Amino acid sequence: MGKIIKGKIVADALNEKLISEVEILKKKGIIPKLLIMRVGSNGSDLAYEKGALKKCKKIGILSEVREFPETIPQDEFISEIKKANEDKAINGILIFRPFPKQLNENLIKYEIAPDKDVDCFSPVNVAKIMEKDPTGFSPCTPSAVIEILKYYNVPMKGRRAVVIGRSMVVGKPVAMLLLNENATVTICHSKTEDMPSVCSQADILVVGIGRAKAVNSQYIKEGAAVIDVGINTDENGNLCGDVDTEDCIEKSSMITPVPGGVGSVTTSILAKHVIKACRQQNGGDSIYE
Ligand SMILES: NC(=O)C1=CN([C@@H]2O[C@H](COP(=O)(O)OP(=O)(O)OC[C@H]3O[C@@H](n4cnc5c(N)ncnc54)[C@H](OP(=O)(O)O)[C@@H]3O)[C@@H](O)[C@H]2O)C=CC1
Ligand SMILES: Nc1nc(=O)c2c([nH]1)NC[C@@H]1CN(c3ccc(C(=O)N[C@@H](CCC(=O)O)C(=O)O)cc3)C=[N+]21
């Protein structure tokens with residue numbers, strides 16, 4: 001029988017470190033600041049925003065939300081991004097995705113300053129995770145997955161990892177980060193044939209598809225570590241993941257819950273990235289000397 005591995009413990013350990021890093025910066029007269037740019041008021045954006053603001057406050061990071069109408073024209077949104085890029089008081093920028101259809105993500109992604117891009121929207125940061133360049137910013141949720149695996153001492157090197165989902169926010173970058181940890185990685189998606197047989201070879205199974213409780217025990221290898229990234233609402237309006245935890249707990253060695261799993265670590269990674277951006281913009285590690 002596997003155990004439920006909570007994200008909160010991982011987040012708490014990280015928070016403690018981040019709080020002391022902010023203290024050091026404050027002594028130098030520097031306070032890190034996150035800007036959230038939100039178009040419209042989509043429920044999942046608001047859920048992330050609420051968690052992010054709460055986490056920033058807890059860690060001592062300043063935050064601001066700029067909300068734009070759902071119908072904002074592309075050139076106006078781009079000039080807002082440019083304004084934020086140039087604002088010296090802002091260290092990190094988070095822009096929620098996906099966008100309404102008048103905004104072309106493939107154009108806008110080039111506008112955010114890579115050194116403020118704390119959730120890996122810019123192609124420069126996407127390239128940096130491909131290249132394993134430590135100066136970049138990996139996306140927060142995929143980094144949270146790796147943070148959890150490391151905290152619970154799940155071996156990745158040489159192990160078989162299967163990721164279900166291939167979005168730029170979750171699936172693809174998770175796969176790349178697992179590869180960077182020397183796992184042998186397979187990516188499944190909506191066109192994959194016979195997913196249960198592919199997934200049941202995985203020592204590590206990461207699921208981010210946005211389908212409530214879609215993954216059952218047929219997908220699980222005996223002793224696998226299962227990371228459930230999905231955040232959905234079930235028929236009773238309660239939060240639930242993409243994994244049917246009750247059905248999978250027996251076979252797996254460990255499994256993350258929803259809520260209280262990956263989501264709680266994601267916002268701590270976001271805070272970590274804002275602090276990293278702030279340090280880099282203020283002369284790198286020399287400020288510690
Ligand atoms: N915990 C956290 O902090 C976060 C959680 N999330 C959650 O993670 C989930 C995924 O988010 P996101 O990646 O943005 O979603 P997207 O809708 O952008 O992508 C979903 C991916 O899953 C694949 N997929 C969908 N249905 C199936 C299926 N039945 N079988 C196999 N593959 C499938 C799609 O395949 P294809 O490419 O072929 O269409 C696609 O690649 C959501 O529940 C979201 O709420 C997201 C961000 C942060
Ligand atoms: N550029 C970008 N990056 C994202 O990562 C991104 C995005 N855009 N757009 C929206 C989706 C959705 N998403 C959520 C994250 C946390 C909760 C959530 O509920 N979090 C709770 C915790 C949930 C739990 O405990 O598991 C919290 O932080 O308190 C919901 C949704 C991120 N997304």
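Which condition number does Thr233 fail, the rest of (1) closer than 21 Å to Val169 by Cβ; (2) modelled with pLDDT of 95 or more being met?
(2)
I'd like to know if region 3-13 contains one or more residues that are touching a strand residue (DSSP E or B) at 6+ places or on another chain (Cβ under 9 Å), buried (at least 17 other Cβ atoms within 10 Å of the Cβ) and closer than 21 Å to Gly263 by Cβ.
Scanning region 3-13, I find at least one residue that is touching a strand residue (DSSP E or B) at 6+ places or on another chain (Cβ under 9 Å), buried (at least 17 other Cβ atoms within 10 Å of the Cβ) and closer than 21 Å to Gly263 by Cβ, so the answer is yes.
Would you point out which residue out of Val39, Val10 is within 13 Å of ligand 2 (Cβ to nearest atom), more than 29 Å from Lys150 (Cα to Cα) and in contact (Cβ under 8 Å) with a residue 40 or more places away in the chain?
Testing whether each residue is within 13 Å of ligand 2 (Cβ to nearest atom), more than 29 Å from Lys150 (Cα to Cα) and in contact (Cβ under 8 Å) with a residue 40 or more places away in the chain leaves just Val39.
Among the candidates Ser286, Ser190, Ser200, single out the residue that is more than 23 Å from Pro98 (Cα to Cα), more than 16 Å from ligand 2 (Cβ to nearest atom), modelled with pLDDT of 95 or more and among the hydroxyl-bearing types (Ser, Thr, Tyr).
Ser200
Those residues that are crowded, with 24+ Cβ neighbours inside 10 Å and either among the hydroxyl-bearing types (Ser, Thr, Tyr) or away from ligand 2 (no atom under 16 Å from the Cβ) (or both), I need them from region 216-230; list them, please.
Tyr219, Ile220, Ala224, Ala225
Being modelled with pLDDT of 95 or more and either within 17 Å of Gly7 (Cβ to Cβ) or within 14 Å of ligand 1 (Cβ to nearest atom) (or both) is the filter here, so list the residues in region 264-278 that pass it.
Across region 264-278, the qualifying residues are Val265, Thr266, Thr267, Ser268, Ile269, Leu270, Ala271, Lys272, His273.
I'm trying to understand the selection: among the residues of region 155-171, which are surrounded by fewer than 21 Cβ atoms within 10 Å (Cβ to Cβ) and either touching a residue at least 60 places away in the same chain (Cβ under 8 Å) or within 16 Å of ligand 2 (Cβ to nearest atom) (or both)?
Residues satisfying the conditions are Arg166, Ser167, Met168, Val169.
Which of the residues belonging to region 231-267 are in a helix (DSSP H, G or I) and more than 8 Å from ligand 2 (Cβ to nearest atom)?
Thr245, Glu246, Asp247, Cys248, Val265
Output the residue which, of all residues in region 14-57 that are acidic (Asp, Glu) and buried (at least 16 other Cβ atoms within 10 Å of the Cβ), is nearest to ligand 1 (Cβ to nearest atom).
Selected residue: Asp45.
The values are calculated or read from the model by the stated rules, or taken from the named source; none is laboratory data. Because the structure is a prediction, the values reported are computed rather than measured. We place every Cβ from the backbone using ideal geometry, glycine too, and count neighbours over all the protein chains shown.
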